[in-house]
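Here is the structure we will look at, set down as structure tokens.
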């Protein structure tokens with residue numbers, strides 16, 4: 001009998017002997033890697049907490065003055081009053097001593113006392129965490145239902161044996177591009193106030209979770225659904241799916257196993273979404289008056305209430321680490337031993353690009369809006385034409401100061417779209433580079449994703465100073481994390497692909513495999529992911545503008561337009577719908593354009609599949625050969 005060749009090209013004596021010989025070394029190496037990862041994670045968290053503890057001194061503001069304004073805005077900041085506040089808070093001891101005192105109380109469960117209210121921090125933060133976790137659970141249920149609806153057409157075609165190609169996803173893209181705070185405002189006004197179906201404000205029971213969960217879960221589910229729909233065609237094209245269909249296995253069962261096959265690549269992003277729904281729901285919690293952790297952290301950050309801010313951030317970081325660990329543990333049984341033995345089919349076969357009519361149509365509509373509004377003056381005031389409805393003279397209507405909304409939307413597009421494109425490109429590059437080093441980027445991803453955007457903006461302002469580039473730097477500092485997590489997950493599965501056994505057996509180096517096989521296989525999916533998040537980047541800039549940390553008046557930036565006109569949404573809905581519709585159109589353009597990015601048939605599995613397609617062997621024979629190779633690899637593993 002011929003010697004068995006392992007996926008990395010080595011000759012194996014017997015599977016049992018090889019595993020027994022390698023097990024002790026693997027355990028020692030695994031323990032060392034785990035210890036290093038824990039130390040690196042602790043170092044990242046310590047650096048973040050130190051940065052928060054030094055925040056008032058880094059921003060060159062007097063924390064006593066900030067606390068006084070937060071406690072009583074009408075009280076005069078006399079030297080005596082400020083000195084009394086400094087003595088009561090111990091500010092004269094310096095930031096390092098304050099930080100050491102706060103860290104010393106953590107082993108006892110004591111996170112200090114709030115600088116504003118004087119109450120214990122730990123019970124308040126835990127109460128806010130409970131509200132956020134309940135909201136997160138309901139929002140995840142809404143997101144799962146939304147993702148199932150987005151993936152339903154692909155699953156239906158795959159279950160019926162039809163080519164499960166990518167769809168344009170225009171509706172999902174527009175849903176993902178809707179600002180959460182705008183969706184929350186519309187739901188609260190229409191469903192809560194006008195119709196009276198559900199409560200619009202407060203937090204008193206399960207009924208109060210429905211509207212904020214819809215505002216959070218609908219956009220998140222649209223993004224997750226598009227990511228899953230992007231992977232499903234590759235799962236339906238694998239040999240096992242064709243063999244199962246040939247044996248007469250029901251299509252629903254094949255579709256269920258296709259989702260099971262794609263989940264390991266999606267779980268890291270699902271964990272990031274869970275943490276983001278907890279700490280990043282600041283605007284939604286503000287609209288619905290929910291005492292959640294995001295709102296608590298926002299108020300502490302703006303008032304520089306360091307004990308509350310540090311405790312809230314620490315809880316979010318621990319939650320992010322727990323979500324990451326749960327995602328990794330859940331991925332192991334889903335992939336099974338095939339990931340370890342290099343017997344996975346690739347999820348990234350070459351696919352024909354989607355139709356180009358939709359992106360051209362969306363791009364033409366967006367360009368028409370911009371060209372129509374550029375000749376108009378976005379700053380011209382006309383107080384006699386306040387909040388006028390759309391008309392031939394003002395196609396999008398006017399805002400509260402009588403300014404033409406078409407002009408402001410068009411001029412804001414140049415700033416918002418170009419800035420979002422630049423940020424997305426930088427995040428894609430950083431995500432791919434850091435995703436190649438999962439041991440380095442894993443703790444960074446968990447920590448960065450747990451930082452609320454508002455806190456990231458404040459830390460960025462402390463380091464770089466305030467200015468027009470501060471919101472862009474703040475968004476870039478956190479927006480690369482999902483792409484890095486996606487890169488690591490895709491590469492982990494692609495390294496175990498069966499087609500890599502041949503180049504490894506021929507002595508291909510790791511650099512050659514990365515350059516010629518791994519990166520060409522995953523870069524199309526990552527590029528589509530980056531384009532899918534392009535509206536999310538614009539939304540992050542809009543959210544900072546909505547919270548007063550982004551562009552300042554009279555800038556026509558889209559986030560500022562939404563923030564300025566949101567109070568008039570009930571009286572003049574066109575003032576909010578105009579920038580929201582253009583933002584949704586940008587999302588549709590990004591997703592449909594991403595559908596035109598296909599895998600390259602000249603590398604990796606695409607090269608092998610192209611050779612089969614050009615050979616005189618019939619297609620059924622090629623499929624049989626693929627299935628036989630998979631079965632042979634499984635038999636060799638056993």
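Looking only at residues of the stretch 104-127 that are crowded, with 17+ Cβ neighbours inside 10 Å and closer than 12 Å to residue 310 by Cβ, we find that the one that is nearest to the chain's Cα centre (by Cα) is 125. Before we move on, is residue 372 in a helix (DSSP H, G or I) and either farther than 19 Å from residue 560 by Cβ or touching a strand residue (DSSP E or B) at 6+ places or on another chain (Cβ under 7 Å) (or both)? So residue 372 fits the description; yes.
Among the numbered conditions (1) outside any helix (DSSP H, G or I); (2) under 30 Å from residue 237 (Cα atoms); (3) modelled with pLDDT of 70 or more, the only one that residue 554 does not meet is (2).
Those helices (runs of 4 or more DSSP H) of the stretch 56-156 in which at least 2 residues are under 30 Å from residue 202 (Cβ atoms), considering only elements entirely within it, cover 63-71. Here residue 263 passes the criteria (1) closer than 21 Å to residue 141 by Cα; (2) modelled with pLDDT under 85; (3) surrounded by fewer than 23 Cβ atoms within 10 Å (Cβ to Cβ) except the one numbered (2).
When the residues of the stretch 150-184 are filtered to those that are farther than 30 Å from residue 240 by Cα and modelled with pLDDT of 80 or more, which remaining residue is surrounded by the fewest Cβ atoms within 10 Å (Cβ to Cβ)? Let's see the steps before the verdict.
Quick first cut of the stretch 150-184, residues farther than 30 Å from residue 240 by Cα only: 170-171, 173-184.
Okay, now just the ones that are also modelled with pLDDT of 80 or more, so 183-184.
Details: 183: 22, 184: 24.
Only one residue fits best here, namely 183.
In this entry, residue 581 is excluded by the filter for residues that are surrounded by fewer than 23 Cβ atoms within 10 Å (Cβ to Cβ), part of a loop (DSSP other than H, G, I, E, B) and either more than 22 Å from the chain's Cα centre (by Cα) or modelled with pLDDT of 65 or more (or both). Looking at 83, 73, just one residue is modelled with pLDDT of 85 or more and either surrounded by 17 or more Cβ atoms within 10 Å (Cβ to Cβ) or on the phi < 0 side of the Ramachandran plot (or both), and that residue is 83. Take residue 91 and decide whether it is in contact with a helix residue (DSSP H, G or I) (Cβ under 9 Å, 6 or more places away or on another chain), at pLDDT below 90, over 30 Å from residue 357 (Cβ atoms) and buried (at least 19 other Cβ atoms within 10 Å of the Cβ). Spelling it out, residue 91 is indeed in contact with a helix residue (DSSP H, G or I) (Cβ under 9 Å, 6 or more places away or on another chain), at pLDDT below 90, over 30 Å from residue 357 (Cβ atoms) and buried (at least 19 other Cβ atoms within 10 Å of the Cβ). Screening the stretch 425-511 for helices (runs of 4 or more DSSP H) wholly inside it with 1 or more residues that are in contact (Cβ under 8 Å) with a residue 24 or more places away in the chain and surrounded by 22 or more Cβ atoms within 10 Å (Cβ to Cβ) returns the ranges 438-450, 453-464, 470-479, 481-494. The set of residues in the stretch 377-414 that are part of a helix (DSSP H, G or I) and surrounded by fewer than 17 Cβ atoms within 10 Å (Cβ to Cβ) comprises 383, 384, 414.
Residue 352 satisfies every condition listed in (1) in a loop (DSSP other than H, G, I, E, B); (2) exposed (fewer than 15 other Cβ atoms within 10 Å of the Cβ); (3) modelled with pLDDT of 90 or more except (3). Taking first residues from the stretch 77-99 that are over 12 Å from residue 67 (Cα atoms) and partners that are surrounded by 13 or more Cβ atoms within 10 Å (Cβ to Cβ), the Cβ contacts under 6 Å between residues at least 6 apart in sequence or on separate chains come to 92/86; 95/53; 95/54; 95/57; 99/53.
The values are calculated or read from the model by the stated rules, or taken from the named source; none is laboratory data. It should be emphasised that the depicted structure is a prediction, and the values quoted were computed from it without experimental measurement. With ideal geometry, Cβ positions are generated from the backbone for all residues, glycine too; neighbour counts draw on all protein chains shown.
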